[in-house]
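Below is one structure, written out as structure tokens; comments come after it.
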Amino acid sequence: MEENVMTQAMIVRLQQAGYRKTAARNAVMAVLRQAPLHLTHQEILSQARALNATLSLASVYRTLELFTSLGLCRPLYLGEGGPRFACVEDGHHHHMVCRACYCTYHFPECTAGELEVELSSRFGFRIESHLVEFYGLCRECQAEGEAGKDGLG
Ligand SMILES: [Zn+2]
Ligand SMILES: [Zn+2]
Ligand SMILES: [Zn+2]
């Protein structure tokens, strides 16, 4: 199982930047890839410890910093409790975030492919991944907003 945690593309990305695949990096990436939600450093640590019992919080911080600098994940700032992380290791990540309750909805539809080609040629930019993020209000929060207007003010 452990061998499948990092894709070949990811190992290559690490190696090109002068880093190796380690047990700590493997465990953190496994958690990022499998988590259905965005986790904090502490949450990543507690889940990654199931795979690597000696992992420390400092090591989780360093690993996430490295992954962020390599474009393998992006930090998100959703409410309290510090950054949470979205995995873009397979090239993309698409979600909607409610600005009131911070719930997130993920969707697989990708419309960025054509745009990437166009932007690459226009700016000569080598695009490696994307995070598509829509902000707004979820159904529940819209309903609450309406109720507030009509009732309690
Ligand atoms: Zn997301
Ligand atoms: Zn909401
Ligand atoms: Zn996409």
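Values in this text are rule-based calculations from the coordinates and carry no lab data. Here the structure is a predicted model, which means the values were calculated and not measured. Here the Cβ is made from the backbone with ideal geometry for all residues, glycine too, and neighbour counts use every protein chain on show.
Data table
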| read-out | value |
| --- | --- |
| Column: log10 I(q)/I(0), Debye, Cα scatterers of the range 1-90, q = 0.23 Å⁻¹ | -1.21 |
| Beta bridge orientation in the chain: antiparallel %, DSSP, nearest 5 | 55 |
| Extension gain, residue 135 back to residue 42 (0.36 nm per residue minus Cα-Cα distance, nm) | 31.0 nm |
| Length-normalised contact order for the chain - Cα pairs under 8 Å, 6+ apart - percent | 17 |
| Longest segment of the chain lacking trypsin sites (Lys or Arg not before Pro) that sit in a DSSP loop with at most 16 other Cβ atoms within 10 Å | 50-98 |
| Backbone HN-Hα couplings from phi across the range 84-90 [Karplus 6.51/-1.76/1.60, Hz, Gly and Pro as x] | 10, 10, 10, 7, 10, 4, 8 |
| Fraction in percent of alpha-carbon pairs per bin - 5 Å, the range 91-153 | 4, 16, 18, 15, 12, 10, 9, 6, 5, 3, 1 |
| Rounded to 10°, Cα long-axis angle of helix 23-34 versus longest principal axis of the chain | 30 |
| Sequence-distant residues sharing a close amide H with residue 39 (under 5 Å, placed H) | 85 |
| Inter-site label distance for residue 95 and residue 77 at 7 Å from Cα along Cβ, in nm | 1.6 |
| Excluding exposed DSSP-loop chymotrypsin sites (Phe, Trp or Tyr not before Pro) (at most 11 other C-beta within 10 Å), longest clean stretch of the chain | 1-76 |
| Cα convex hull of the chain - mean projected area over all directions, nm² | 11.8 |
| Computed lengthening from residue 15 to residue 114, 0.36 nm per intervening residue step minus Cα-Cα distance | 32.7 nm |
| Loop GluC sites (Glu not before Pro), the range 82-118 (other Cβ atoms within 10 Å of the site Cβ: 10 or fewer; DSSP) | 109 |
| Amide proton proximity set for residue 94, modelled H, under 5 Å, gap of 5+ | 107, 132 |
